[in-house]
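Read-outs throughout are calculated quantities, based only on the coordinates presented, and are distinct from any laboratory measurement. Values in this document were obtained by computation on a predicted structure and should not be read as measured data. FYI the Cβ positions are ideal-geometry reconstructions off the backbone, even for glycines, and counts take in every protein chain you see.
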Ligand SMILES: NC(=O)c1ccc[n+]([C@@H]2O[C@H](COP(=O)([O-])OP(=O)(O)OC[C@H]3O[C@@H](n4cnc5c(N)ncnc54)[C@H](O)[C@@H]3O)[C@@H](O)[C@H]2O)c1
């Protein structure tokens, strides 16, 4: 796939560029700063300019939009809002104009009410909490979420917004011991963080798993995967959205076990399209929660992976059954 990553010279974006290239995609990084990659792999552009956004997305299949002023208090309030809201509008509008297949973009956990100077209504929080932006940065991300919903509705293109938590790179862990003496130091985001490598790995492993299981189920029912669309083919688009993973026990000796009621949950959005015209013929969404085995248990990477496989298998076999009913004689 030809993927444009915006902000690919930055902290989170460079891991996305690396992970996508490792999985064989042709990736162009679009950023204000060059990333030092060979000629042709990085384009300098200012995405607050609609014309530049339109140009750089021409010919792409998908965009991962990470370019932004990445936090409050780095620029003047209004400038943060202007750059983030405008560049997000431009990237989304260009993606729709060029009929890209997928838009993935970085929203932020700050829409939930960070820095929580006023405590949240409940904790641990999840996305059912009402958005409460407390900065122009968070407001720009909430505007992005509204734009994404409306562009997706109008175009039928799948938009996946990630409310990313505080991104940590390997070298950031050196500062962790300095947080231990004063628990209030990181109360601003309820002590949350994500590892940049986990973000990239979760995305690519889940995508591989979904592809493998759906292809297997459809093959077994006599629907082979084809390289080129024709009047005989149906385009199946599968997206996992709203992914909520309960942090698994890493089984490392210095850690205490994490007891949880389930492994998390995820929502599948599935679309069937006419492969020639791109017209959406059917769309379905379903949310699954990981196995509940009564009282609290330890979840590990293995149980989490098994739960994910089980949910995806249920969805894939559901599609197989729906297709069988659709093509049944007399249907
Ligand atoms: N770092 C975090 O903890 C965190 C947490 C939640 C969400 N996010 C979001 O994730 C994304 C990536 O964050 P990051 O930490 O990698 O930020 P970063 O600042 O390291 O990278 C952002 C990149 O965007 C580029 N950029 C900014 N304005 C641009 C413009 N107008 N045109 C083109 N490129 C432009 C910058 O040059 C930079 O390389 C951002 O959207 C951010 O809001 C980050």
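Normalized C-alpha radius of gyration of the chain, against 2.2 N^0.38 Å?
In units of the 2.2 N^0.38 Å rule of thumb, it is 1.05.
Could you tell me which of rounded, prolate or oblate describes the range 76-119, using a ≥ b ≥ c as the square roots of the eigenvalues of the alpha-carbon gyration tensor, with rounded for a/c under 1.5 and, failing that, prolate when a/b is larger than b/c and oblate otherwise?
Oblate is the answer for the range 76-119, as a/c is 1.5 or above yet b/c matches or exceeds a/b.
Name the shape class, rounded, prolate or oblate, that the alpha-carbon gyration tensor gives for the range 1-100, where a ≥ b ≥ c are the square roots of its eigenvalues, rounded holds for a/c under 1.5, and otherwise prolate holds if a/b is larger than b/c and oblate otherwise.
oblate
Once fully extended, how much extra length lies between residue 324 and residue 54, figured as 0.36 nm per residue of separation less the alpha-carbon to alpha-carbon distance?
93.1 nm
Does the range 65-164 classify as rounded, prolate or oblate by the C-alpha gyration tensor (a ≥ b ≥ c root eigenvalues; a/c under 1.5 gives rounded; else a/b over b/c gives prolate, otherwise oblate)?
Oblate, because a/c is 1.5 or more while a/b does not exceed b/c.
Say R0 is 35 Å: what FRET efficiency, to the nearest 0.05, do residue 280 and residue 26 get from their beta-carbon distance?
Given R0 = 35 Å and the Cβ-Cβ separation, E is 0.85.
For n ≥ 4 DSSP H runs only, could you compute -39500 (n - 2.57) per run for the chain, divide by its residues and tell me the 222 nm figure to the nearest 500?
Rounded to the nearest 500, the figure is -11500 deg cm²/dmol.
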